[in-house]
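Student: Have a look at the structure that comes next, please.
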Amino acid sequence: MISTFKTADSLLTQALNDLGMDKIQKAYTQLGMAKTQIEQHQLASLDVMSNPVLQLSRQHLLAAQQALKAGNTDQAISELNVLRQLRLLHEQGMMIMNLPMAGELNSTFNSLESHLLSADENINGYNIPGAISELNRANDQLYAHQLAMLNVLYSFFNNTRTHLKHSIDDLNSLNTKGAISELKIVDKLLRAHEQGMLMIVGRPM
């Protein structure tokens, strides 16, 4: 995912530089290669998000359940604290990409948080079966949230590809200014996407 982003970003930068020097044909070639890299980058991103997302979150969620079943409440609380940090990174990553937490995305996110808080309260109240039940519900919401997020990402990816297509169309029409404007949008979206994705998977830049 990171390598395809770097390659795509480099090609877009080269294309913008070429357009600035009226090297239209060279820029066109760079855009063709950038398009391929962006598509590969988007597919790699979807692999990360459907792996399942928040795969790291799921691992800590299951670890908390196992710790509770083994009677290790301290470990369970530690796992829940890590989950809270991952949730924060996820929310910040979505904000960086300007992807609103709305609709199903928001409801599943809030429901997940609610079940995690309830699990914590049950642990503090020594209600271990209740805590495990809340973690099971949280796991269900994690799946639902993942699916909702994929729908949002599809829209984001389509927006990026649309602006890239417009830049190529502008070049074909010899509209250099239009192509430059569209490419700047693509580059901005691509950079925001990369930063947001890395934040979401716990690897902020």
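The values are calculated or read from the model by the stated rules, or taken from the named source; none is laboratory data. Predicted model only: the values in this text are computed from it and were never measured. Cβ atoms come from the backbone with ideal geometry, glycine included; neighbour counts cover every protein chain shown.
Student: Can you name the residue in the range 137-147 that is over 19 Å from N81 (Cβ atoms) and surrounded by 19 or more Cβ atoms within 10 Å (Cβ to Cβ) and, of all such residues, is modelled with the lowest pLDDT?
Tutor: Q146
Student: Show the residue pairs that are 6+ apart or on different chains and have beta-carbon atoms under 6 Å apart, the first residue being within the range 136-164 and part of a helix (DSSP H, G or I), the second being surrounded by fewer than 16 Cβ atoms within 10 Å (Cβ to Cβ).
Tutor: Sorted first by the residue in the range 136-164, then by its partner, the pairs are Q146/P52; A148/E104.
Student: Somewhere in the range 122-136, is a residue out of contact with any strand residue (DSSP E or B) (no Cβ under 6 Å at 6 or more places or on another chain), of a type in the set (D, E, K, R) and surrounded by 18 or more Cβ atoms within 10 Å (Cβ to Cβ)?
Tutor: Taking the range 122-136 as the starting set, the residues that turn out to be out of contact with any strand residue (DSSP E or B) (no Cβ under 6 Å at 6 or more places or on another chain) are 122-136.
In the following step, the residues that additionally are of a type in the set (D, E, K, R) were identified as 134.
Filter once more, so that each one left must be surrounded by 18 or more Cβ atoms within 10 Å (Cβ to Cβ): 134.
Yes: one or more hits.
Student: Separate question: Answer yes or no as to whether A70 is surrounded by 14 or more Cβ atoms within 10 Å (Cβ to Cβ) and among the aliphatic types (A, V, I, L, M). Write out each step before concluding.
Tutor: On the way: surrounded by 14 or more Cβ atoms within 10 Å (Cβ to Cβ): no; among the aliphatic types (A, V, I, L, M): yes.
Taking the combined requirement at face value, the residue does not satisfy it.
Student: Would you point out the residue of the range 116-130, among those that are part of a helix (DSSP H, G or I) and out of contact with any Asp or Glu (no Cβ under 8 Å at 6 or more places or on another chain), that is nearest to R87 (Cα to Cα)?
Tutor: Restricting attention to the range 116-130, the residues satisfying the condition of being part of a helix (DSSP H, G or I) are 116-124, 128-130.
Okay, now just the ones that are also out of contact with any Asp or Glu (no Cβ under 8 Å at 6 or more places or on another chain), so 117, 120-121, 123-124, 128-130.
Working: L117: 13, D120: 15, E121: 18, I123: 20, N124: 21, I128: 23, P129: 24, G130: 22 Å.
Only one residue tops the list, namely L117.
Student: Since L99 meets every condition but one in (1) within 25 Å of E194 (Cβ to Cβ); (2) of a type outside the set (D, E); (3) surrounded by fewer than 15 Cβ atoms within 10 Å (Cβ to Cβ), which condition does it not meet?
Tutor: Going through (1) within 25 Å of E194 (Cβ to Cβ); (2) of a type outside the set (D, E); (3) surrounded by fewer than 15 Cβ atoms within 10 Å (Cβ to Cβ) one by one, L99 breaks only (3).
Student: Tell me yes or no: at least one residue of the range 10-21 is more than 18 Å from L190 (Cα to Cα), without any contact (Cβ under 8 Å) to a residue 60 or more places away in the chain and either in contact with a Ser or Thr (Cβ under 8 Å, 6 or more places away or on another chain) or aliphatic (A, V, I, L, M) (or both). First the steps, then the outcome.
Tutor: Pass one, the range 10-21, residues more than 18 Å from L190 (Cα to Cα): 18-21.
Okay, now just the ones that are also without any contact (Cβ under 8 Å) to a residue 60 or more places away in the chain, so 18, 21.
When the remaining residues are screened for being either in contact with a Ser or Thr (Cβ under 8 Å, 6 or more places away or on another chain) or aliphatic (A, V, I, L, M) (or both), the result is 21.
Yes, because at least one residue in the range 10-21 is more than 18 Å from L190 (Cα to Cα), without any contact (Cβ under 8 Å) to a residue 60 or more places away in the chain and either in contact with a Ser or Thr (Cβ under 8 Å, 6 or more places away or on another chain) or aliphatic (A, V, I, L, M) (or both).
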